[in-house]
1. Order the following by accessible area, largest value first: Asp11, Asp90, Asp4, Asp57. Probe radius 1.4 Å; ligands, DNA and RNA are ignored.
2. Which percent of the accessible heavy-atom area of region 43-103 goes to carbon and sulfur, probe 1.4 angstrom?
3. Determine the order of His97, His62 by accessible area, beginning with the largest, at a probe radius of 1.4 Å.
4. What list of ³J(HN,Hα) values in whole Hz, one per residue of region 63-77 in order, does the Karplus curve 6.51 cos²θ - 1.76 cosθ + 1.60 (θ = phi - 60°) give from phi, with Gly and Pro shown as x?
Amino acid sequence: DEGDCLYIVRDGQVVVRISDALQKARSQVFLGRGQIFGEMALIDLGPRSATMVCTRDGTVLHTIAREALTNLCGRDTAIGYVVMRNMVYDLSFKLRHSNLTVR
């Protein structure tokens, strides 16, 4: 799917699932409160690279549309810096705690 927004986990938990060539999905990493997903599609404008599944009842997500995020970062570069820095921290966490390639 086209990535048009970023998601923030407010409460609960989601799991990142990647499908291999045989369409067998496998869990990659669990994300909880305060973590984000969907950021890669906003950064590189590419399609979504994984499927997200809520793993707990009552999981609450917030969304930020690409246009709203771009406008916010353009209007206030200090906020934009903090947002981008936090996105990099979160991406680094995901890469360090999971091999994001399908074996």
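The values are calculated or read from the model by the stated rules, or taken from the named source; none is laboratory data. Worth saying up front: this structure is predicted, and the values here are computed from it rather than measured. The protein model used for the area step is the full one, side chains on, heavy atoms only, and it has no ligands, DNA or RNA in it. Shrake-Rupley method; radii C 1.70, N 1.55, O 1.52, S 1.80 Å.
1. So, going from the largest accessible area down, we get Asp57, Asp4, Asp11, Asp90.
2. It is 58 percent, rounded to a whole number.
3. The most accessible residue leads, giving His97, His62.
4. In residue order, the calculated couplings are 10, 10, 5, 3, 4, 5, 5, 4, 5, 4, 5, x, 6, 9, 5 Hz.
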